[in-house]
Structures are given as C-alpha cells and as structure tokens.
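Only one structure is covered here, and it is reproduced in the block below.
The values are calculated or read from the model by the stated rules, or taken from the named source; none is laboratory data. Please read these numbers as outputs of a predicted model, since none were measured by experiment. Note: ideal-geometry Cβ built from the backbone for every residue, glycine included; neighbour counts use all protein chains shown.
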C-alpha cells in the first residue's frame, strides 16, 4: 500500500492548500499590510498543517480489517479536528493584530479544499 503522503490526491490537496495560503497572504498583505499577510497565511496554514498530520497518521499503521481501516480514518479525522481547534484558539489568543477578513477567508477556502482530495483519481 502506498503511504498517504505519496498518493496523488493528498499531494494535490497539500500543494493546492499551500498555493491558496500564499495567495491569501499576498492578498491580505496588499489589503492590510504586513498583519494582513500574516493573518492570511495563518488562516491557510491551520488547515494545511492539520491535513498534513492527517495524512501522516494514515500511513503509520496498515489496518488488517475493514473495521481497522474505519477506526484509523475516524481517529485521524478526530485528531485533525482537534488540531484545527487548538490552532484556531492559539492564533486568536496569541496574535493580537489579527486581520479577520483574510484570516477567515483563507481558513474557509483551505478547509473546503479537503473535498478536492476526494475527487482526484489516484
């Protein structure tokens, strides 16, 4: 079985999210200066990091049964959701100069991109 980070759908997802994160950072920078750029980058990076860890967790164990595979997916998804929540809280608490528009737009756009991985043929 191919490790998840080497599969085409996950690679496309991560590259697309990285490109979107850079685009939102640039747009945020043009719109609101340095803090806008950082806010856009943080909004996209939250989902990028969470999906990267999700893919890593999928490759740690090779399940022997269908139940094992389902458990692995649910555990990875739960961990991803927890990571997103922790990162959101950290950014909102620690970054006082957050520009909300680029942050939220980048976060939502990169979150919606996860569906892209499901539509790509491996």
Can you tell me which residues in region 1-30 are surrounded by fewer than 16 Cβ atoms within 10 Å (Cβ to Cβ), modelled with pLDDT of 95 or more and over 15 Å from residue 108 (Cα atoms)?
26, 30
So residue 96 passes all but one of these: (1) exposed (fewer than 14 other Cβ atoms within 10 Å of the Cβ); (2) within 12 Å of the chain's Cα centre (by Cα). Which condition number does it fail?
(2)
Count of residues meeting criterion [farther than 29 Å from residue 106 by Cα and either without any contact (Cβ under 8 Å) to a residue 60 or more places away in the chain or touching a strand residue (DSSP E or B) at 6+ places or on another chain (Cβ under 8 Å) (or both)] in region 61-90
10
Taking the condition in contact (Cβ under 8 Å) with a residue 40 or more places away in the chain, under 11 Å from the mean Cα position of the chain (by Cα) and under 24 Å from residue 73 (Cβ atoms), does residue 48 pass?
yes
